[in-house]
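Taken together, the values in this text are just the output of simple stated rules run on the coordinates, not laboratory data. From a predicted model like this one, the values you see are computed outputs, not experimental measurements. Cβ atoms come from the backbone with ideal geometry, glycine included; neighbour counts cover every protein chain shown.
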Amino acid sequence: MKIESWLFVGLGIFFLIVSAVYTVVTHFEPAGSLALLLVGGLGVMIGTYLGFTARRVGSRPEDRSDAEVHEGAGEQGHFSPWSWWPLVLGLSCAGGFLGLAVGFWITFVAAGLAIVALVGWVFEYSRGDHAH
Amino acid sequence: MVSVGTVVWLSSELMFFAGLFAMYFTLRSTSGELWAAETSKLNFPYALVNTIVLVASSFTCQMGVFAAERLQPRRTGGLLRFTRWGMVEWYVLTFLMGSFFVAGQATEYTMLTSEHVTLDANAYGSSFYITTGFHGLHVIGGLIAFLFIIGRAFAAKRFGHFEATSAIVTSYYWHFVDVVWIGLFLVIYVLK
């Protein structure tokens, strides 16, 4: 995972340099200087975290050119096979913005629906058949 | 995998705040006199206390993460023996400190409004309330997330990696919001 880390760190360092050059050339034009500086921050942030993750997970089959597909088999993480809650939350968000445009009362209804959707989504794998 | 996704999302949040910082500095560079007049109304010691509470809440949050990594949801000793606390106790404390920050900021808004610093008064008012307000909304979002994480810990009969992972990524978000506030604090209250 070191390659992913260096890709993002390299991108970050590049933009930090670009930001410094831009600041000097424009005598600190705030919008561009800050945006470029924080794009550098974005790259360094992701890259550093991937670096820590690389140290934690160690060498993966993806890191070797002679790896076989079956070496990557096994549990990859916790994934929901299907869920209705994202749809409900999406609809309530759509309703919320619709309310801002056409009538504020709709936003209140949508906010209530959003709470139901969030609770449903967060606790989907903590209750009912999935209680553990 | 959840944690890497969270960090990638947080980096996009960084760019969201980059836009707000850029707006603040652009307006500041074009109306220096207005900034000099309006920033003198800020109550620095008050904001500093609020900031210290928020920064301290990151440390209590991290203690909760250590407990979650031990897969220990609840305390094993008395309520005041914080060395024996589990994730729930640390996160409740973090929640209270975050609530203190939001309440403090709301009080600060009313104080500033009484001194005619309002959202629609001038460029300073707009940039002050939009930057700190969006940060405040993020803090409130974090508080809601803490409630969900605490709720998940209560719902689980066996506190496992599923619960711990969500607790850890919520702490990433909290630390991020905390760091953004340190940036905002330095820009708004120190640099002026």
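What is the gain in length, in nm to one decimal, between residue A:75 and residue A:129 on full extension, counting 0.36 nm per residue of separation less the C-alpha to C-alpha distance? Present the calculation step by step, with values, prior to reporting the outcome.
Numbers: separation 54, 0.36 × 54 = 19.44 nm, distance 2.07 nm.
Once the chain is fully extended between residue A:75 and residue A:129, it gains 17.4 nm.
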Q | Number of partner chain Cβ atoms within 10 Å, mean per residue of A:29-35 | A | 6
Q. Under a plain spin-label model, where a point goes 7 Å from the Cα along Cα-to-Cβ, how far apart in nm are residue A:13 and residue B:108?
A. 3.7
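Taking the highest mean first, how do the peptides A:11-23, A:73-85 order by number of other beta carbon atoms within 10 angstrom per residue? Spell out each step's value before the answer.
On the way: A:11-23: 16.5, A:73-85: 9.0.
Highest-to-lowest ranking by the protection proxy: A:11-23, A:73-85.
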Q. Normalised by the number of residues in chain B, what is the relative contact order in percent for Cα pairs under 8 Å and 6+ residues apart?
A. 32
Q) In sequence order, what are the phi-derived ³J(HN,Hα) couplings for the range B:18-30 according to the Karplus relation 6.51 cos²θ - 1.76 cosθ + 1.60 with θ = phi - 60°, rounded to whole Hz, with x for glycine and proline? A) 4, x, 5, 4, 4, 4, 4, 5, 5, 5, 5, 6, 9
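Subtracting the Cα-Cα distance from 0.36 nm times the residue separation, let me have the gained length for residue B:8 to residue B:148 in nm, one decimal. Can you show the working numbers first?
Details: separation 140, 0.36 × 140 = 50.40 nm, distance 2.16 nm.
Taking residue B:8 through residue B:148 to full extension adds about 48.2 nm, to one decimal.
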**Q.** Inter-site label distance for residue B:56 and residue A:29 at 7 Å from Cα along Cβ, in nm
**A.** 4.5
**Q.** Packing-based order for B:179-185, B:61-67, using average beta carbon neighbours within 10 Å, highest first
**A.** B:61-67, B:179-185
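What does the C-alpha gyration tensor say about the overall shape of chain A? Classify as rounded when a/c is under 1.5, otherwise prolate if a/b is larger than b/c, or oblate.
oblate
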Q.
Between the range B:74-118 and the range B:124-156, how far is it from one alpha carbon centroid to the other, in angstrom?
A. 12
Q. Among residues other than residue A:4 whose Cβ falls under 10 Å from its Cβ, what is the net charge (Lys/Arg +1, Asp/Glu -1)?
A. -1
Q: Starting from the Kirkwood radius over alpha-carbon pairs of the protein assembly as shown, derive D by Stokes-Einstein at 37 °C in a medium of 0.692 mPa s and give it in µm² s⁻¹.
A: 147
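I'd like the mean, over residues of B:60-70, of how many other protein chain beta carbons sit within 10 Å of each residue's own Cβ.
On the way: counts 0, 0, 0, 0, 0, 0, 0, 0, 0, 0, 0.
Partner Cβ neighbours, averaged per residue: 0.
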Q) Cβ under 14 Å from residue B:113's Cβ, residue B:113 left aside: what net charge do those residues give with Lys, Arg +1 and Asp, Glu -1? A) -3
Q) Listed highest first by mean packing, meaning other Cβ atoms within 10 Å per residue, what order do B:153-161, B:128-136 come in? A) B:128-136, B:153-161
Q: Enumerate the calculated ³J(HN,Hα) couplings along the range B:100-113 in order (Karplus 6.51 cos²θ - 1.76 cosθ + 1.60, θ = phi - 60°), each rounded to whole Hz, writing x wherever the residue is Gly or Pro.
A: 4, 4, 5, 5, x, 5, 4, 5, 4, 4, 5, 5, 5, 4
Q | Average Cα contact separation per residue, the range A:85-124, under 8 Å, 6 or more apart, as relative contact order % | A | 47
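Let me know the mean shielding of B:143-151 by other chains, meaning the per-residue number of their Cβ atoms within 10 Å of its Cβ. Please report the intermediate quantities before stating the final value.
On the way: counts 0, 3, 2, 0, 2, 5, 1, 0, 4.
Mean partner shielding for this stretch: 2.
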